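Let me begin by handing over the structure; questions about it come next.
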Amino acid sequence: MNDPRVTTDAANGEGAETSTQPQMARSTHIASQTFAPAQTNALALVALVSGIAGVLLLVPVLGPLVALTTGYVARRQITVRRQDGRRLADAGVVLGWAGLVLTCVIIGVLVLAPWI
């Protein structure tokens, strides 16, 4: 009990011994950072929807042009901002080109129909 590193509880005078040796400091800092999941690019979704509208609903020129424009812009934003939606943007671009080709074919058939 005469050890200077050990103290007793003075309130009840009994042997509640505690050590006064220096304890290792505990860090409250969390080493791992939590990251939010990457957001899907909104323009990629717009590209996909307008590409589908351009092909399936035969929105002649507006659908494919919107799909191509927003698809290419979305691809750039996804690369720079590290967002999700690259496949959506790619699908929008492909559907935009398909819709544009389909529109040209339909216009060509309509124009050439009187001579066929």
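Each reported figure results from applying straightforward, stated rules to the coordinates on display, with no laboratory input. Quantities reported herein were computed from a predicted structural model and do not represent experimental measurements. Here the Cβ positions follow ideal geometry from the backbone for every residue, glycine too, while neighbour counts run over all protein chains shown.
Largest first and in whole Å, give the semi-axes of region 42-115's equivalent ellipsoid, each being the square root of 5 times a Cα gyration tensor eigenvalue.
On the way: eigenvalues 162, 16, 11 Å².
Equivalent ellipsoid of region 42-115: 28, 9, 7 Å, largest first.
Each residue of region 88-97 in order: what ³J(HN,Hα) in whole Hz does its phi give by Karplus 6.51 cos²θ - 1.76 cosθ + 1.60, θ = phi - 60°, with x for Gly and Pro?
These are the phi-based 3J(HN,Hα) values: 5, 5, 4, 5, x, 5, 4, 5, x, 5 Hz.
Where in region 46-63 does the label zone of I116 land, with the point 7 angstrom along Cα→C-beta and an amide N cut-off under 18 Å?
Zone members listed by number: none at all.
OK, next. Counting other beta carbons within 10 Å of each Cβ, put I78, I116, I52 in order, fewest first.
Numbers: I78 22, I116 5, I52 17.
Fewest-to-most ranking of I78, I116, I52: I116, I52, I78.
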